[in-house]
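These notes are about the structure you will find just below.
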Amino acid sequence: AWATRSFAALWGGGAILAIYWLNRGAFSVRAGLTGAALMALSPFAVYLSQEARHYTLPLVFLTLALAAQVRVQQQLMAKRSPLLAGVFWGGMSALALFSHYFCLLAIVAQLLTFGLFWGRFRPPLNRFTLAQGGALYLLPYLFLIPWWPAFWGHFHSPTTGWLSPPTGLAPLGQTVASWIVMLFVPPVEGQPLAVQGAIALLSLAILAVLIQQTRQGWQALGPSLARFTLATVVVVVVLEYFALIYGLGKDISIAPRYHFVYFPAVCALLGAAWGEQSRRFQGFAGAVLTLSSLCVVYNLAFQKPYLPDQVAAQFDQDPRPVMVMMAYRNTLEMAVGLSYGLALGERRPPAQKADFALLSYIEGYDQVWETLATFPIQPVSLWAIAPGYLDDTFPETVALALDQRCQIDPEQFYRLGFPYQRYQCQNNSAKTKTPLIDPV
């Protein structure tokens with residue numbers, strides 16, 4: 001587990017340092033410390049840092065790019081050359097773009113923010129400085145040109161087919177929920193209804209305190225160039241998200257992790273606002289963040305929707321040989337299948353035989369069953385996970401090699417994310433016919 005998660009965890013630590021550097025230069029040392037603490041304890045940041053994914057890598061690059069943009073604008077207002085800060089911004093933005101193409105939203109937002117900054121603050125710009133800045137802001141887009149076909153093809157590939165079209169105003173509610181989990185995650189998943197109700201009431205009270213104190217801190221912070229820049233980036237990226245959702249019909253709001261694009265700006269603004277508040281509130285907020293992060297660490301929140309541990313426990317109900325087959329047609333289904341296989345391998349002793357197979361159904365399920373029939377295995381139980389199947393779609397019998405035949409068990413059909421069905425297997429040659437008349 002450490003080998004697969006260490007990359008994200010190490011870059012998550014880097015994000016803490018990056019947000020400190022951003023807030024120290026944009027606001028104050030106190031804001032830097034508060035922002036770093038928020039990044040370290042945010043349940044959303046902890047979730048990204050413990051996943052076997054790479055989202056903390058672009059998180060660091062985006063944070064550093066924001067720090068560079070604030071520095072560029074500060075130097076322009078002070079009538080100093082922003083060349084070094086501009087080059088740094090271009091480099092960090094290009095790296096962010098190469099690490100995840102969603103970072104294009106942040107780069108566009110920063111470009112629009114710079115235009116609004118120029119219109120509002122009117123920095124003293126000569127033609128050379130303006131041309132220099134324009135060239136630096138175009139740098140990330142130039143790096144994107146060779147990758148544009150791959151980017152466009154990936155966005156329209158079957159690997160994003162799980163992103164369904166938006167349903168009414170559902171993306172708005174899902175986006176608000178993603179904002180909440182950046183600060184507070186109540187452990188309501190898998191709890192009885194009465195417990196969920198009590199936790200929900202407590203959560204509303206906690207959120208009311210956080211919102212009130214944030215509003216007061218925002219007012220105490222007062223208008224500033226950095227506050228304008230970061231707030232504008234957040235607003236523009238959120239608008240871009242909804243344009244993407246409703247314009248291209250891809251509801252990315254269903255996955256909270258995609259809000260990583262503007263999370264550094266949110267974290268920086270909250271760190272600056274909370275830094276203006278009392279130590280008492282900061283201690284309260286720290287306790288809320290810590291408890292929420294512990295819920296994430298101990299799997300009381302942000303639980304996997306496919307529950308691999310629970311599904312693997314069903315596969316492991318018989319100590320005799322078992323076979324698990326996962327059909328897939330994209331990387332998402334493949335990853336879910338692997339999570340089932342890994343969970344089964346972790347809980348099943350080596351002495352108890354278990355086989356696992358991933359079979360593509362791009363050409364249809366007939367090919368899956370034909371391929372399965374060539375496997376020289378002799379399980380007692382066969383579990384077939386078939387995305388898109390219903391309970392009456394699974395075949396009554398499944399043939400294996402070595403004269404094995406598996407009969408469907410109608411009482412063992414389940415659906416946790418994907419439908420899966422249990423079969424009981426036996427060797428045809430070992431069957432014995434039951435006599436019609438008992439021997440005398």
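Here are a few things to note about the model shown:
- Flag if Ala343 is buried (at least 20 other Cβ atoms within 10 Å of the Cβ), within 16 Å of Tyr420 (Cβ to Cβ) and without any contact (Cβ under 8 Å) to a residue 40 or more places away in the chain: yes
- Enumeration of residues in region 360-379 that are part of a loop (DSSP other than H, G, I, E, B) and either surrounded by fewer than 16 Cβ atoms within 10 Å (Cβ to Cβ) or not assigned by TED's automatic domain parsing to the domain that holds Ala313 (or both): Ile362, Glu363, Gly364, Ala373, Thr374, Pro376
- Comparison of Val311, Val324 shows that the only residue that is within 20 Å of Pro419 (Cα to Cα), in a helix (DSSP H, G or I), touching a strand residue (DSSP E or B) at 6+ places or on another chain (Cβ under 8 Å) and among the β-branched types (Val, Ile, Thr) is Val311.
- Condition met for Tyr298 (of a type outside the set (D, E, K, R) and touching a Ser or Thr at 6+ places or on another chain (Cβ under 9 Å)): no
- Against the numbered list (1) within 23 Å of Cys425 (Cα to Cα); (2) surrounded by fewer than 16 Cβ atoms within 10 Å (Cβ to Cβ); (3) among the acidic types (Asp, Glu), Asp316 comes up short only at (2).
- Leu332 within 30 Å of Ser49 (Cβ to Cβ), part of a strand (DSSP E or B) and either hydrophobic (A, V, I, L, M, F, W, C) or over 30 Å from the mean Cα position of the chain (by Cα) (or both): no
- Check on Val336, out of contact with any helix residue (DSSP H, G or I) (no Cβ under 6 Å at 6 or more places or on another chain), of a type outside the set (S, T, N, Q) and more than 30 Å from Glu240 (Cα to Cα): no
- Flag for Phe263 being out of contact with any Pro (no Cβ under 6 Å at 6 or more places or on another chain), under 26 Å from Leu59 (Cβ atoms) and not assigned by TED's automatic domain parsing to the domain that holds Leu97: no
- Listed by first and then second residue, the pairs linking a residue in region 162-191 that is over 21 Å from Leu270 (Cα atoms) to a residue that is surrounded by fewer than 19 Cβ atoms within 10 Å (Cβ to Cβ) and among the hydrophobic types (A, V, I, L, M, F, W, C), with Cβ atoms under 6 Å apart and 6 or more places separating them unless they lie on different chains, are Trp162/Leu332; Pro187/Leu300; Val188/Ile199.
Residues are listed down the side, and each one gets a yes or a no for (1) in the same structural domain as Val236 (by TED's automatic domain parsing); (2) in contact (Cβ under 8 Å) with a residue 24 or more places away in the chain; (3) over 25 Å from Ala18 (Cα atoms):
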position	(1), (2), (3)
Trp89	yes, yes, no
Leu97	yes, yes, no
Cys103	yes, yes, no
Gln110	yes, yes, no
Thr113	yes, yes, no
Phe121	yes, yes, yes
Pro124	yes, yes, yes
Leu138	yes, no, no
Ile145	yes, no, yes
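- Of all residues in region 267-308 being in a loop (DSSP other than H, G, I, E, B) and without any contact (Cβ under 8 Å) to a residue 24 or more places away in the chain, the one that is farthest from Trp383 (Cα to Cα): Ser278
- Test: residue in region 56-66 that is assigned to a helix (DSSP H, G or I), surrounded by fewer than 17 Cβ atoms within 10 Å (Cβ to Cβ) and among the aliphatic types (A, V, I, L, M): no
The values are calculated or read from the model by the stated rules, or taken from the named source; none is laboratory data. Computed from a prediction, not measured in an experiment: that's the story for all the values here. Heads up, the Cβs are rebuilt from the backbone with ideal geometry, glycines too, and the neighbour counts pull from every protein chain shown.
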